[in-house]
1. What are the residues in segment 1-24 that are surrounded by 14 or more Cβ atoms within 10 Å (Cβ to Cβ) and either in a loop (DSSP other than H, G, I, E, B) or of a type outside the set (Lys, Arg) (or both), if any?
2. If I ask for residues that are touching a residue at least 40 places away in the same chain (Cβ under 8 Å) and either within 21 Å of Leu50 (Cα to Cα) or loosely packed, with under 13 Cβ neighbours inside 10 Å (or both), which ones from segment 76-101 would you list?
3. Are any residues in segment 25-66 farther than 16 Å from Gly117 by Cα, assigned to a helix (DSSP H, G or I), touching a helix residue (DSSP H, G or I) at 6+ places or on another chain (Cβ under 9 Å) and among the polar types (S, T, N, Q), and if so, which ones?
4. Is it true that Val134 is at pLDDT below 55, loosely packed, with under 13 Cβ neighbours inside 10 Å, of a type outside the set (Asp, Glu) and at negative phi?
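The values are calculated or read from the model by the stated rules, or taken from the named source; none is laboratory data. The structure displayed is predicted, hence computed values, not measured ones. Note that each Cβ is placed from the backbone with ideal geometry, even for glycine, and that neighbours are counted across all protein chains shown.
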Amino acid sequence: MNDKLETKLKEFLPYIIIIGVVYLFLPAVLRIANSSIVFNNIVYIGVFPLTAFICNMHYGYKKTNDMILSFVAPVIYIPSMLLYGNLKYSVINSLVLLVCYFISGYIGLTVGEMLKGGKGDDKESSKKKRVPSVVNTATAKDEEDVAFDDIELPQQFEEDQSVEVFEPEFVPTDDYTEDDIDAILKELHTRND
């Protein structure tokens with residue numbers, strides 16, 4: 001089996017089991033207990049979407065927002081729908097419930113990821129400020145961003161802290177005459193003085 005698929009299945013397995021138990025056995029308990037329509041509606045409209053929401057929220061908080069898990073609840077509801085005869089009452093009602101279970105699962109994933117975002121797991125990267133590696137690429141290991149603490153500044157910058165950074169204005173790249181170049185150089189010299 002594909003390693004990626006196998007690891008996803010291992011991550012999803014506890015959530016699949018919980019959703020499967022609730023979606024497949026709770027209607028059986030309701031049927032055995034000969035419950036009223038009110039209890040059936042509470043289960044189908046309240047408990048099932050809440051189960052999908054909580055399981056997906058937990059996964060989104062622990063792992064990441066993976067939309068595939070949102071399809072687990074509707075897929076498991078299909079055999080439940082066929083086994084317990086929900087389809088014979090109303091096809092449209094069953095399809096609406098399928099969509100609602102998917103939406104509640106996806107909302108759960110999103111809420112879980114938002115809760116994880118405020119957690120602040122990445123303490124190491126929050127301590128170091130990230131700067132582009134244009135200061136000194138000779139000491140950087142790659143062309144990506146490097147941590148500010150890893151940049152070795154030339155000797156003149158370490159001694160003199162009052163060095164101003166000059167950022168030239170954007171000038172279109174047309175053909176320049178010698179007079180234009182002289183004017184730019186004079187402007188640079190006047191700024192440095």
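1. At the first step, the residues of segment 1-24 found to be surrounded by 14 or more Cβ atoms within 10 Å (Cβ to Cβ) are 8, 11-12, 15-16, 18-20, 22-24.
Selection gives Glu11, Phe12, Tyr15, Ile16, Ile18, Ile19, Gly20, Val22, Tyr23, Leu24.
2. Of segment 76-101, the ones touching a residue at least 40 places away in the same chain (Cβ under 8 Å) are 76-77, 79-80, 83-84, 86, 97, 100-101.
Scanning segment 76-101 gives Ile76, Tyr77, Pro79, Ser80, Tyr84, Asn86, Leu97, Cys100, Tyr101.
3. Asn40, Thr51, listed by residue number.
4. Numbers: at pLDDT below 55: yes; loosely packed, with under 13 Cβ neighbours inside 10 Å: yes; of a type outside the set (Asp, Glu): yes; at negative phi: yes.
Yes; evaluated as a whole, the condition is true for this residue.
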